[in-house]
Amino acid sequence: MAEPKERNLLRDRIARARRRMALGQLGQGLLLLVAVACLYWLIATSMEALLRLPGPGRMVLLGGAVLLVAGLVTWQLVLPVLRWMGIMPGLSDDAVATRSGVVFPEVRDRLLNLLELLDGRHSSAPAPLILAAADRLGTELAT
């Protein structure tokens, strides 16, 4: 419906925003992993010092640590890396636009409206009118 150039430019910017969000999730996941690992280490060493655990008790603590770290690495690091690389699907274009609207309130509704116009959703207007509206919204968002 809209010119491929306009649509591709918007999609490219949304894709870059999606990648930045995945990198942010990766950094957040790394911090969470380090914090939880340190907290677990503190709790495990405290339990060992206070209870003087025998060999099997220490193995339970070690097994818990391995499971905890493996789960956190998978959930908080591997999945965001796969999303960042584009192997796994990330957020939809609408979700990225909504999150961008939270950070930049001045473009909140206009960005979603532009996406809907370029995709031809929620409009039964003739194509030239939609292109003109998309042009106007795109110009407003660019400034």
Seminar exercise, completed: With criteria (1) hydrophobic (A, V, I, L, M, F, W, C); (2) at pLDDT below 85; (3) not in a helix (DSSP H, G or I), Leu129 comes up short on (3)
Exercise. In this structure, does Leu112 turn out to be among the hydrophobic types (A, V, I, L, M, F, W, C), in a helix (DSSP H, G or I) and surrounded by 14 or more Cβ atoms within 10 Å (Cβ to Cβ)?
Worked result: yes
Exercise. Among Leu39, Leu23, Leu51, Leu31, which is the only one that is of a type outside the set (Val, Ile, Thr), surrounded by fewer than 15 Cβ atoms within 10 Å (Cβ to Cβ) and touching a Phe, Trp or Tyr at 6+ places or on another chain (Cβ under 7 Å)?
Worked result: Leu23
For this session: Go through the residues of the stretch 62-77 one by one and say whether even a single one is at pLDDT below 90 and assigned to a helix (DSSP H, G or I).
Result: no
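Against the definition (in contact (Cβ under 8 Å) with a residue 40 or more places away in the chain and either surrounded by 15 or more Cβ atoms within 10 Å (Cβ to Cβ) or within 30 Å of Asn8 (Cβ to Cβ) (or both)), how does Gly120 come out, yes or no?
On the way: in contact (Cβ under 8 Å) with a residue 40 or more places away in the chain: yes; either surrounded by 15 or more Cβ atoms within 10 Å (Cβ to Cβ) or within 30 Å of Asn8 (Cβ to Cβ) (or both): yes.
Spelling it out, Gly120 is indeed in contact (Cβ under 8 Å) with a residue 40 or more places away in the chain and either surrounded by 15 or more Cβ atoms within 10 Å (Cβ to Cβ) or within 30 Å of Asn8 (Cβ to Cβ) (or both).
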Exercise. For the stretch 1-22, does any single residue satisfy the condition of being touching a helix residue (DSSP H, G or I) at 6+ places or on another chain (Cβ under 9 Å), farther than 25 Å from Pro89 by Cα, without any contact (Cβ under 8 Å) to a residue 60 or more places away in the chain and not polar (S, T, N, Q)?
Worked result: no
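I'd like to verify a number: residues in the stretch 78-109 that are outside any helix (DSSP H, G or I) and either more than 16 Å from the chain's Cα centre (by Cα) or among the charged types (D, E, K, R) (or both), how many?
Just the residues of the stretch 78-109 that are outside any helix (DSSP H, G or I), to begin with: 86-92, 104.
Keeping just the survivors that are either more than 16 Å from the chain's Cα centre (by Cα) or among the charged types (D, E, K, R) (or both) gives 104.
The total comes to 1.
The values are calculated or read from the model by the stated rules, or taken from the named source; none is laboratory data. As the structure is a prediction and not an experimental result, all values here were calculated from the model. No Cβ is skipped: glycine too gets one built from the backbone with ideal geometry, and neighbour counts run over all protein chains shown.
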